1. Using just the helices of the chain, give the 222 nm mean residue ellipticity in deg cm²/dmol: DSSP H runs with n ≥ 4 each add -39,500 (n - 2.57), and the total is spread over all residues, rounded to 500.
2. Which percent, nearest 5, of DSSP beta bridges in the chain are antiparallel?
3. Stretched out fully, how many nm does the piece from residue 9 to residue 202 gain, at 0.36 nm a residue minus the Cα gap?
4. Among 131, 289, 237, determine the one that fluctuates most according to a GNM of the chain built with springs between C-alpha atoms less than 10 Å apart.
5. Treat the count of other C-beta atoms within 10 Å as a stand-in for reagent exposure and order 255, 44 from fewest to most.
6. Fewest Cβ neighbours within 10 Å first, please rank 83, 10, 264 accordingly.
7. What nm value, rounded to one decimal, do you get for the distance between residue 16 and residue 135 when each label is placed 7 Å out toward the C-beta?
8. Quick one: which residues, 5 or more positions from residue 115 or on another chain, have an amide H under 5 Å from its amide H? H modelled 1.01 Å from N in the peptide plane, none for Pro or chain starts.
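Each value in this text was obtained by applying a stated rule to the coordinates, not by laboratory testing. These figures come from a predicted structure and were not determined experimentally. All Cβ positions, even for glycine, are placed from backbone atoms using ideal geometry, and neighbour counts span all protein chains on display.
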Amino acid sequence: MLGPGQTTDVLLTADQPPKRYYIAARAYQSAQNAPFDNTTTTAILQYKKTTTTSKPIRPVLPAFNDTNTVTSFSRKFKSLRNVVVPKTIDDNLFFTIGLGLDNCPKNFPKNRCQGLNGTRFTASMNNVSFVLPSNFSLLQAHSNGIPGVFTMDFPSKPPVKFDYTGNNISRALFQPVKGTKLYKLKYGSRVQVVLQDTNIVTSENHPIHLHGYDFYIVGEGFGNFNPKKDTSKFNLVDPPLRNTVAVPVNGWAVIRFVADNPGVWLMHCHLDVHIKWGLAMAFLVDNGVGELETLEAPPHDLPIC
């Protein structure tokens, strides 16, 4: 299971009869009734001294919606050895992620408003649909102290607590607010983020990517995250270290990292259409002490956005 933009190194043991074998992959589709490219991509692995006329052997692939196989495979990933995972947490964050609906602007083409009842699809984290700035980059605005580009009020938890994966979610929660909101982290702070999928519009497996950091995936599961029950199941010994986590459909994932890279770092869904719809946020990590813990100034010849 590879999420969009995710990489995995694989060690292959060539212990099969010397023939030609297909390496194949197909799409995993978790959102109900959402169109997707239902094709299979292939390459051929060929043993030496095997004739190219022999027909390659095809692997048996799971069904495109086989969530059980995706889950069992993903949970097998671990670090090769015991690792140092943050045990004490300074910033304990809870982010809901998912889709939503936005009112269609007046005199807007109907073919661009394909949501329910003539609305437009949107997406959000903690009910904030992220808007990328148009005149300055986030880092440029932070580094040069340019006002009015972003605000520092991204919520540490959803504004309303509800049955995130239930089937009777209030329509009042379907339309998020728009904004360019950041969350500030002190240099060196130990961060835990609970990423909770929601069933607003539809639930889906969201590949969430964090720029500037690798993080440990310490736990994941289905349904609503329950800190009283689920925290005890965390792997704090040898969890996998990644920069993208596939949050289970109608489920949750928990990541931990140390904020030791100053700057502005985007966290977003790696499905291109979802980041365009606003499924993103950004961390602003403060400088630490000394040159090695401080964001470098931009070069004098840096092109202006």
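1. Mean residue ellipticity at 222 nm (helix-derived): -2000 deg cm²/dmol.
2. 70 percent
3. Details: separation 193, 0.36 × 193 = 69.48 nm, distance 3.20 nm.
Gain on extension, residue 9 to residue 202, equals 66.3 nm.
4. Maximum fluctuation in the GNM of the chain, among the listed residues, is at 289.
5. Ordered by Cβ neighbours within 10 Å, fewest first: 44, 255.
6. Ascending number of Cβ neighbours within 10 Å: 10, 83, 264.
7. For the pair residue 16/residue 135, the computed spacing is 5.9 nm.
8. Sorted by chain and number, the residues that satisfy this are 120, 121.
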